[in-house]
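The structure appears right after this line, and notes come after that.
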Amino acid sequence: MSETRVNKRSMSIKDYAIRYGFVALLIGLVVYFGIAAEGFSSPHSAVFIFQSVAITGILALGVTATLVVGGFDLSIGAVATSALMLSAYMMVVLEQNAFVAVAACLLMGAIVGLINGFLIVQMRVPDLLATLGMMFLLIGAQRIPTEGRSIATGMSLPDGSTAQGGFSPEFLALGRHRFDFFIENLIPVSVVILIVIAISIWFFLEYTRYGRVMYAIGSNERAASLAGVPVKKYRIIAYMISGVLASVGGILLAARLGRGDIASGNNLLLDSVAAALIGFAVLGAAKPNAFGTAVGALFVGILLQGLTMMNAPYYTQDFVKGGVLVIALMFTFALSNRR
Amino acid sequence: MLGTPIKIRGLEKRFAANRVLCGVDLDIPAGKVTVLMGANGAGKSTLVKIICGLYSADAGEVLLNDQPFSPNSPSAALQAGIVTVHQNINDGVVPDLDVASNLMLDWLANPKSAPLLNPTKIRKAAEEIAAKLDLNFDMNSMVSDLALADRQLVAIARAMAHSPNLMILDEPTSSLSATEAERLFRLVDKLRASGVAILYISHRMSDIRHVADRIVSMRDGTIVGKYETSPLDYEGAVNDMLGHTMTDVDIMVRTPDDVVLELQELQLKPDSKPINLTAHRNEVIAITGLVGVGKTQLTEVLFGQFTPAAGNLHLKGKTYLPKSARDAINHGVFLCAKDRGTNGVVQDFDINRNITLPFLSSLSTLGFVNRSAEYRITNEAIKKLGIVCQSANDDIGTLSGGNQQKVMVSRWLSHPCDVLILDEPFQGVDIAARRDIGAKVRETAKDRATIVLMAELDEALEIADRILVMAEFTIVGDHKNENVDLDLILEQVSGATTPQNLQKQKEGAAQ
Amino acid sequence: MKLTRRVFTKLLAGVSLAATSFVGLAHAADMPAPFDKPGEVKIALVRYLSTGDFFQAYLSGVERQSAALGVDLRVLDSRQDAALQADMVDQAIALGVDGIIVQHGLTESMQEAVQRAVDAGIKVVAFDVNVENPAVPQIEQSDRDLARLALEQAIADNGESWKAGYVYVPGIAPLDRRDETWLEFKARYSGIEEKATFGTLDNPIANSIANQARSVLSANPDITVMFAPYDEFAKGVKIAVDEAGMSEQVSIYSADVSTSDIAAMREPNSAWKATAATNPAVVGEVSVRALAMLLAGETPGASVVVPPTLITQKDLLEKDIKNMEELSAKLPQFAHAAVAVPDWMPLP
């Protein structure tokens, strides 16, 4: 038989570089900061790194879900800040409890995802354009109820009265409570939520048929459709996952800030997209994956924590983030010749 | 002016292990239309791509006016006077520019042209180009507003501005209506009269009858037949192209069991003749016919991708009207689609994931995929079809075409079904893999009806109990695969029985 | 959104005009021309920045003072579009307004537009933007004074020698001016040791600053004073201090104030000890009063500085101040500024 095939008997140095290069870089970075920056290598510091990337990490996992089906969601940053405003509005102005506020935010995220998916799948609007439109829509919408003001307890309302409600302690606990873990009051709720979501998304994408089918759609939509996959449904679901996770991020943001801040969320969007793209390079996956995304977010977090501790000026941060992203994309696309 | 501008000598090309051209010798004389016939994968498009500078040959040479010629890019070929009008019409035009700019596109793209545009000048030059071919376009209209045929004429007119030595027309009528095709043929006549050498590639007998001065048949990377004397022997050419002679697989025709699938008065197009077809368990039906006669539409109807113009389908006695692929699969109708690269293979997946993709719901509980069950199926498939690989986790991209096709076929063999449709299962597959796949399909055919569609007759002879011939979107022949009258089948395939039929075919093919 | 606000502003202006026309008439005789005929004076507010609490409050101040004077106010909002803002000045000229308040913007884009307005005989005042025109008085909240008040309080609370963290992003005009004062204080008090400088404007700003401040605090656990001369910065630093459990040790001094800042300062054991602020509504009122003086032929001076107020945690707790309204009510120096107040000027 004249079949030929690629021989995989041993991995070359290049294969190792692609597979473990980025992880090695991460470890090297930790060691370097551990030596160079005083106080970097402590459990508190480690937990804090997780906390600083929790929100972007959660958003990035949502981005990953849309990237898997070959889509993209530009509206996540705006969804997160809308959830921030909505939760504040629910509690401060409408005087609802924490549960109602959280439920409203999650519902809002799901609906936004549904609309995004509907625009993209049914109306055939290209994904970047549909979610860009949604982004502007949300940035505007979050300002309407308060006429552009931030929401805080005691604020004056458009009708002249003052808001009587406040952030409920249960809600604030989402941002401020810490679980004991060997050390008292160590792990914040947001970190726990990040870890739970990361593991769930990883499990969902790798071990369930839904995740498998989503990867198939991202790689060859036509083939997936002819294999009997309801492609439209899955693509809409991907955008709903993205919307819900973005609103979870927004809820945690609100709980940490303790007020409803007007913000476009563009930095959240860019940081989380960067994390998801860096994730392509982790373990040479060369495709969107939950584990990579989590590592990507962590990578950025470690870098920024270390640099700040070493008193690096703020403008170096974006530079360094960009550098990491470029290197990661190089790992993904140039070194691994799979694409 | 007349002569033989292009001579091809001993041209060879291989892609990895796959020999696509094995020593092609071909002359293309000026002032004549040389029709190149060949089934999918015969090497036509590779040959064209070498001539127009997209590929380079491994051995042999192309002589242009008796000078060795090996263009290293399409623009080099263009400079040398070799112009190609591609099958996909929109590859030849820029829809968002007006007609004048399209006609002058080569001038616009030339780095030596003046940086500033003079609209009047451009228009005038463009009008001259159009006038050469007696074409009358509104120079200001957008190409995107033109009908497909007009776009094609624009592309050809642009090509003609180079006063070409050789014009290659690759399936130019594939998306034209009958009247549009007529206009194209008139243009071809004009080109011929002006002494251009024309290489015309087509599957369509009606086209070929219209334009051919000579016919060259190609098969498995070599030229297998040349027909130059009038009247041209069209059947002989088709015969060469489909090449049934090498068949040496003996088929034991089996007795069909009960009826599984029934098509009643099914019309693929509002004006096509109805199809009646019955498929039984323990029966392998091959449907053969040239490209573009409705085979693909038929599979799409059966697999819920396309609603027929009229008619009924019955599956196991019940009305069957699938709304989607999922629906068809749930009814026990599987389709192994043609063009595995776009319709079948998921490049990012390994063998295992490619095989189990349609059946994940039956392989999982509460959404969680049962990995051991999945690997059991895959490993069995690898063993049964002899897929050459290291393990079930090999990326599909590392496999050869034949092995990828085996993966696709074994995907659909991995679960029992009532009707299995295989569309061009031997596309881009070497002979050994083809035999493996054919044998496995027949071996497992007992409990289902199997329908295999292909353009090549000898493939049909290798696999089928019954051979149906399709032409003009309907079934024109039904043969038991025992002592088959090959001449009759070829006649039916080429639609050449009576002058009346010929007329009809032209209409049918042109639509 | 644009629509609703426009409609709302128009409604508000209409209603307040109707409401004040009687009052205005009563005083009309006492006021110099052209204010003796209220309702015939038209002024325009041309804005560059508009979203956020500060700008909302500024607008309300402008509206209140305009209503008190009985003038017709038009609000033109360019929403951070520099070119549009310049066009809006021309639009205001075309509307035939008597006076224009330019609120923020870029010198480059506004200079010529303002010159055109001045040439058309229109009186112009500018808030927080230098239009480089001697005929245009500058309304300023004194950033240097803001920083000075906050730092003086820090010295009063912590003595003259402490280890500090400083939040600063260069290139933002008010922050640069506040930075000058910080440099001055560092030079004057050699005991102040700046352990770390950090800062970012990535939004939500408080969240990004909190992340940075956490890193800074773990690298420099001996910091006792955080100078964060912008309330978003201070908010972020406070979150970090709370999360690090260092609120007993660290004191935060800042500039600017809002309702949610007041709540944060009032929290039990809050590290946020004091902030210095100018009431944006008062700045709005002063802008209109300065313009009115120009229209009446008086000179408010080349620069009109609105003095800031120091707001300490102690004030807020003792006077039970919970929001901006109560702050205005209970700290009179915050509610009003005796700037640009000639005898005839009606106050809101």
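The values are calculated or read from the model by the stated rules, or taken from the named source; none is laboratory data. For clarity, every value in this text was computed on a predicted model and none was experimentally measured. Cβ coordinates were reconstructed from backbone atoms using ideal geometry, including for glycine residues, and neighbour counts include every protein chain displayed.
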*Looking at the stretch C:201-208, is at least one residue crowded, with 18+ Cβ neighbours inside 10 Å, within 30 Å of A:Ala36 (Cα to Cα) and among the hydroxyl-bearing types (Ser, Thr, Tyr)?*
yes
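Just the residues that are within 21 Å of the chain's Cα centre (by Cα) and either outside any loop (DSSP other than H, G, I, E, B) or crowded, with 23+ Cβ neighbours inside 10 Å (or both), please, taken from the stretch C:102-128. I'd like the intermediate steps shown before the answer.
Here is the first cut: in the stretch C:102-128, the ones within 21 Å of the chain's Cα centre (by Cα) are C:102-107, C:110, C:124-128.
If the condition is that a residue be within 21 Å of the chain's Cα centre (by Cα) and either outside any loop (DSSP other than H, G, I, E, B) or crowded, with 23+ Cβ neighbours inside 10 Å (or both), then C:Val102, C:Gln103, C:Gly105, C:Thr107, C:Met110, C:Val124, C:Val125, C:Ala126, C:Phe127 are the ones that fit.
For the stretch B:337-396, which residues satisfy the criterion of being acidic (Asp, Glu) and more than 29 Å from the chain's Cα centre (by Cα)? Full working, then the answer.
Of the stretch B:337-396, the ones acidic (Asp, Glu) are B:339, B:348, B:350, B:374, B:380, B:394-395.
Answer for the stretch B:337-396, where residues must be acidic (Asp, Glu) and more than 29 Å from the chain's Cα centre (by Cα): B:Glu374, B:Glu380, B:Asp394.
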*Test set (1) at pLDDT 90 or above; (2) touching a Pro at 6+ places or on another chain (Cβ under 8 Å) - C:Glu243 fails condition number*: (1)
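Using the structure shown, decide if C:Glu318 is charged (D, E, K, R), surrounded by fewer than 18 Cβ atoms within 10 Å (Cβ to Cβ) and not assigned by TED's automatic domain parsing to the domain that holds C:Val129.
So C:Glu318 fits the description; yes.
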*Quick one: in the stretch A:142-153, which of the residues that are within 7 Å of another protein chain (Cβ to nearest Cβ) and surrounded by 21 or more Cβ atoms within 10 Å (Cβ to Cβ) is nearest to C:Glu326 (Cα to Cα)?*
A:Thr153
*Take the stretch C:281-298 and flag every residue that is out of contact with any helix residue (DSSP H, G or I) (no Cβ under 7 Å at 6 or more places or on another chain) and either within 21 Å of C:Leu49 (Cα to Cα) or of a type in the set (Ser, Thr, Tyr) (or both).*
C:Val286, C:Ala290, C:Leu291
*Got a sec? Which of C:Gln80, C:Gln153, C:Gln85, C:Gln103 is over 22 Å from C:Glu285 (Cα atoms), touching a strand residue (DSSP E or B) at 6+ places or on another chain (Cβ under 8 Å) and not hydrophobic (A, V, I, L, M, F, W, C)?*
C:Gln153
*Return the pairs, sorted by first residue and then second, in which the second residue is assigned to a helix (DSSP H, G or I) and among the small types (Gly, Ala, Ser), the first residue lies in the stretch B:57-77 and is in the same structural domain as B:Thr222 (by TED's automatic domain parsing) and surrounded by 14 or more Cβ atoms within 10 Å (Cβ to Cβ), the beta carbons are less than 8 Å apart, and the residues are 6+ apart or on different chains.*
B:Pro71/B:Ala77
*Would you mention how many residues in the stretch C:168-181 are under 18 Å from C:Glu232 (Cα atoms), touching a Leu at 6+ places or on another chain (Cβ under 9 Å) and either more than 11 Å from every other protein chain (Cβ to nearest Cβ) or not aromatic (Phe, Trp, Tyr) (or both)?*
5
*asked:* Could you tell me how many of the residues in the stretch A:30-81 are of a type in the set (A, V, I, L, M, F, W, C), assigned to a loop (DSSP other than H, G, I, E, B) and modelled with pLDDT of 85 or more?
replied: 3
*Please name all residue pairs, on different chains or six or more residues apart, with Cβ atoms under 9 Å, provided the first residue is in the stretch C:209-228 and is facing another protein chain (nearest Cβ under 7 Å) and over 17 Å from A:Ser42 (Cα atoms) and the second residue is assigned to a strand (DSSP E or B) and polar (S, T, N, Q).*
none
_Can you tell me which residue is nearest to B:Ile382 (Cα to Cα) among those in the stretch B:328-354 that are outside any loop (DSSP other than H, G, I, E, B) and touching a Phe, Trp or Tyr at 6+ places or on another chain (Cβ under 9 Å)?_
B:Asn352
*Counting only residues that are surrounded by 23 or more Cβ atoms within 10 Å (Cβ to Cβ), more than 8 Å from chain A (Cβ to nearest Cβ) and outside any helix (DSSP H, G or I), how many does the stretch B:367-413 have?*
1
*asked:* I need a count of the residues in the stretch A:306-322 that are under 19 Å from A:Ala36 (Cα atoms) and out of contact with any Phe, Trp or Tyr (no Cβ under 7 Å at 6 or more places or on another chain).
replied: 8
_I'm trying to understand the selection: among the residues of the stretch A:226-265, which are of a type in the set (Val, Ile, Thr), within 14 Å of chain B (Cβ to nearest Cβ) and touching a Leu at 6+ places or on another chain (Cβ under 8 Å)?_
A:Val229
*asked:* Regarding the stretch B:349-363, can at least one residue be identified that is more than 10 Å from chain A (Cβ to nearest Cβ) and free of Cβ contacts under 8 Å to residues at least 12 places away in the same chain?
replied: no
*the stretch A:211-225 - residue that is of a type outside the set (Gly, Ala, Ser) and buried (at least 20 other Cβ atoms within 10 Å of the Cβ) and, of those, farthest from the other protein chains (Cβ to nearest Cβ)*: A:Met214
_Close pairs (7 angstrom Cβ cut-off, 6 or more residues apart or separate chains): surrounded by fewer than 24 Cβ atoms within 10 Å (Cβ to Cβ) in the stretch A:283-309, of a type outside the set (S, T, N, Q) and outside any helix (DSSP H, G or I) anywhere_ = A:Ala286/A:Arg338; A:Ala286/A:Arg339; A:Lys287/B:Asp348; A:Gly306/A:Ala37; A:Gly306/A:Phe40
*For the stretch A:154-196, enumerate the residues that are within 12 Å of chain C (Cβ to nearest Cβ), within 28 Å of C:Lys322 (Cα to Cα) and hydrophobic (A, V, I, L, M, F, W, C).*
A:Met155, A:Leu157, A:Ala163, A:Phe167, A:Leu172
*Would a scan of the stretch C:244-257 turn up a residue that is assigned by TED's automatic domain parsing to the domain that holds C:Lys163, over 21 Å from C:Tyr168 (Cα atoms) and in a helix (DSSP H, G or I)?*
no
*C:Leu294 versus (1) within 17 Å of the chain's Cα centre (by Cα); (2) away from chain A (no Cβ under 14 Å): which is the lone unmet condition?*
(1)
*asked:* Checking the condition under 17 Å from B:Val469 (Cβ atoms) and of a type in the set (A, V, I, L, M, F, W, C), which residue from B:Leu313, B:Leu277 passes?
replied: B:Leu277
_Any residue that is touching a residue at least 60 places away in the same chain (Cβ under 8 Å), crowded, with 23+ Cβ neighbours inside 10 Å, more than 14 Å from chain C (Cβ to nearest Cβ) and aliphatic (A, V, I, L, M) - is there at least one of those in the stretch A:112-128?_
yes
